[in-house]
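**Q** Right, I'll just put the structure down here and ask away after.
The values are calculated or read from the model by the stated rules, or taken from the named source; none is laboratory data. Predicted, not measured: the structure shown is a model, and the values here were computed from it. Cβ placement follows ideal geometry from the backbone for every residue including glycine, while neighbour counts extend to all protein chains displayed.
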Amino acid sequence: MKKVILSAAALMIGAIGFAQVSGAPTAQSQTTVPNNSSNVNANKGKSEQFGDDHRVRVRQAGTKQSVYTYQANGVGTIGGNRAEILQSGDINANSGRLNAADVLQTGDENLSLTIQEGNRNNAITRQGQTDLNVLSSGNQAYIRQGNNGNAEDNYAAIDQDGLNNQAKTIQTYDNNDAYTDQDGDNLRSRIRQIAAPDGSSGHWAFVDQQGDDNESWVLQEGAGARNYAHTAQDGEGNYADQYQTTQATSGDANRARLAQGINPSYSIVGFNNEMDDLRDDTYDVDGTPNNTSLFSKGAQAFQKQNGDDNQANIGQYGVEAFGRGNYAYQNQEGDDNNSFIVQDLFGPSNGGGNKAQQMQDGDDNNAGIVQSGKGHKAGQFQYGDDNIALTSQKGNRNKAFTFQYGDDNWVSTAQRGHDNKIVISQYDGQSYIAEQNLYPHPQAGGNQIDVVQTDGSQSINDWLAEECEIDMLTPQTWTGTPVPSTPDICQDCN
């Protein structure tokens, strides 16, 4: 049976840079497009347009192709430019191999569409970024790599500066990398990665959004055993959704990291070693470390993983005032999974109103929740054997609900403050520890503990914690605009 033993540790790793990790060729901005390949028939192209309402469409078929497109709006006017890049090749082992597509658009209301069919291709789209003193908004970027096959080891990056922008990346087949970086307000991003049934390694995705009211969706699925999803959102009122599923029975399986709040790099936990021993046994169930005051408020985070040996982390760092809390939800189906949530860890003492809920269905799973402040709710529901649920809450008027159904499970819950509640329900032979007002707060009162335990030989009608399931928000659905398209440029060519 898997058990974790924890000790206090720091909660920070460095931010991930604008680079890939899985071995695809490096995608770089190109001011020129020389032919550096050994193939003298390789296609190269460069398009530059200055002003508004321009159109570029480039279609290339072959291998080792490269195209660079630059569109700059006129001074003080809206750009409204459109770029469409299509790269493909013969449908064989070398279909569209080693192609590079680079699009740079400045100004507002631009559209970019890049489609690559083949292996080991690179695509970069950058919108609204030359003069930092000029606000850029209303841009849309879309990258699609692969079409149900011949689409391995690709790299796609979208970088947007401004307001109300949208970015969408779709990658099919295996071992692809996607990176989206957005700076501004009300930005939206969606990454969808699907690994084909040949069972290779899966995908890597990173989303970095700076500003308020950001939205992010990451969907990864397939038969492989290496899906990584990282989402970092800086600001208030953010929304993030990560969904991962795999049929792999060995390997790293899925890894999901989600951080919301000021300087969200602080909340990305280094993974494995059983998820840093489930974030150091949920900070020893009452030993939360101190750090710089960070905050997030009104954020929503959803993670769902299907398969074995998965790891998921959500960090939401504080709220400014009681009443506008954050929501965090994790759902894992399978064995040997780890899930960890931290809310308001470094925020003000009067922060509150956060809700966190974890659902695990399987054996040998670990769940941990840490909350600081007032009026929080933590719910943990585990169905299976040899599971562990840990909860630590500091503050007043907090509630912790834990439900376990199966053999050899155990719970450890601790609360500091007054008017707190612990509810524990365990079925089929369990063990628990419930502690309230540990040193240095033995004087606070009004706390309650309610426990139900049964070995299965008798029935207890009141299941307590199962009836206390937290009323969480439901995940949102991506509703994006249609795929950007360029009207037929040559419709009057004859």
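**Q** Enumerate the pairs (first residue in the range 366-388 and within 15 Å of Gln415 (Cβ to Cβ); second residue anywhere and in a loop (DSSP other than H, G, I, E, B) and of a type in the set (A, V, I, L, M)) with beta-carbon separation below 7 Å, excluding pairs fewer than 6 apart on the same chain, so at least 6 apart or on different chains.
**A** What qualifies is Val370/Leu345; Ser372/Leu345; Lys377/Ile470; Gly379/Ile470.
**Q** Here's a follow-up. From the list Tyr266, Tyr329, Tyr283, Tyr317, which residue is of a type in the set (Phe, Trp, Tyr) and at pLDDT 90 or above? First the steps, then the outcome.
**A** Details: Tyr266 fails: at pLDDT 90 or above; Tyr283 fails: at pLDDT 90 or above; Tyr317 fails: at pLDDT 90 or above.
One residue alone meets the criteria, Tyr329.
**Q** Assess whether Ile191 counts as being out of contact with any Asp or Glu (no Cβ under 9 Å at 6 or more places or on another chain), at pLDDT 85 or above and buried (at least 21 other Cβ atoms within 10 Å of the Cβ).
**A** Working: out of contact with any Asp or Glu (no Cβ under 9 Å at 6 or more places or on another chain): yes; at pLDDT 85 or above: yes; buried (at least 21 other Cβ atoms within 10 Å of the Cβ): yes.
Against the criterion (out of contact with any Asp or Glu (no Cβ under 9 Å at 6 or more places or on another chain), at pLDDT 85 or above and buried (at least 21 other Cβ atoms within 10 Å of the Cβ)), Ile191 qualifies.
Residues checked against (1) at pLDDT 85 or above; (2) within 30 Å of the chain's Cα centre (by Cα); (3) small (Gly, Ala, Ser); (4) surrounded by 15 or more Cβ atoms within 10 Å (Cβ to Cβ):
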site	(1), (2), (3), (4)
Pro442	no, no, no, no
Ile449	yes, no, no, yes
Gly456	no, no, yes, no
Ser459	no, no, yes, no
Ala465	no, yes, yes, yes
Thr477	yes, yes, no, no
Asp492	no, no, no, no
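**Q** Give the residue, chosen from Arg120, Arg126, Arg57, that is among the charged types (D, E, K, R), buried (at least 17 other Cβ atoms within 10 Å of the Cβ), assigned by TED's automatic domain parsing to the domain that holds Ala178 and modelled with pLDDT under 85.
**A** On the way: Arg126 fails: modelled with pLDDT under 85; Arg57 fails: modelled with pLDDT under 85.
When all the criteria are applied, what remains is Arg120.
**Q** Next up: Considering only the range 202-214, state which residues are buried (at least 22 other Cβ atoms within 10 Å of the Cβ) and assigned to a strand (DSSP E or B).
**A** So in the range 202-214, the residues buried (at least 22 other Cβ atoms within 10 Å of the Cβ) come out as 202-209, 214.
Answer for the range 202-214, where residues must be buried (at least 22 other Cβ atoms within 10 Å of the Cβ) and assigned to a strand (DSSP E or B): Trp204, Ala205, Phe206, Val207, Asp208, Gln209.
**Q** Under the condition of being modelled with pLDDT of 80 or more and in a loop (DSSP other than H, G, I, E, B), which residue from the range 129-145 is surrounded by the fewest Cβ atoms within 10 Å (Cβ to Cβ)?
**A** My answer is Gly138.
**Q** Of the conditions (1) of a type outside the set (Phe, Trp, Tyr); (2) in a strand (DSSP E or B); (3) at pLDDT below 85, Pro487 satisfies every one except a single condition; which number is it?
**A** Single failed check for Pro487: (2).
**Q** Mind checking which residues of the range 415-440 are farther than 19 Å from Met359 by Cα, surrounded by 17 or more Cβ atoms within 10 Å (Cβ to Cβ) and at pLDDT 90 or above?
**A** Hits for the range 415-440 are Lys421, Ala434.
**Q** Something else about it: Would the range 91-108 turn up any residue that is at pLDDT 85 or above, part of a strand (DSSP E or B), under 22 Å from Gln49 (Cα atoms) and of a type in the set (Asp, Glu)?
**A** Among the residues of the range 91-108, at least one is at pLDDT 85 or above, part of a strand (DSSP E or B), under 22 Å from Gln49 (Cα atoms) and of a type in the set (Asp, Glu), which makes the answer yes.
**Q** Taking the condition of being over 28 Å from the mean Cα position of the chain (by Cα) and within 23 Å of Gln453 (Cα to Cα), how many residues in the range 393-410 meet it?
**A** Just the residues of the range 393-410 that are over 28 Å from the mean Cα position of the chain (by Cα), to begin with: 395-397, 405-410.
This time we only want the ones that are within 23 Å of Gln453 (Cα to Cα), so: 405-410.
Residues in the range 393-410 being over 28 Å from the mean Cα position of the chain (by Cα) and within 23 Å of Gln453 (Cα to Cα): 6 in total.
**Q** Tally time: how many residues in the range 398-409 are free of Cβ contacts under 8 Å to residues at least 40 places away in the same chain and in contact with a Lys or Arg (Cβ under 9 Å, 6 or more places away or on another chain)?
**A** Qualifying residue count for the region: 2.
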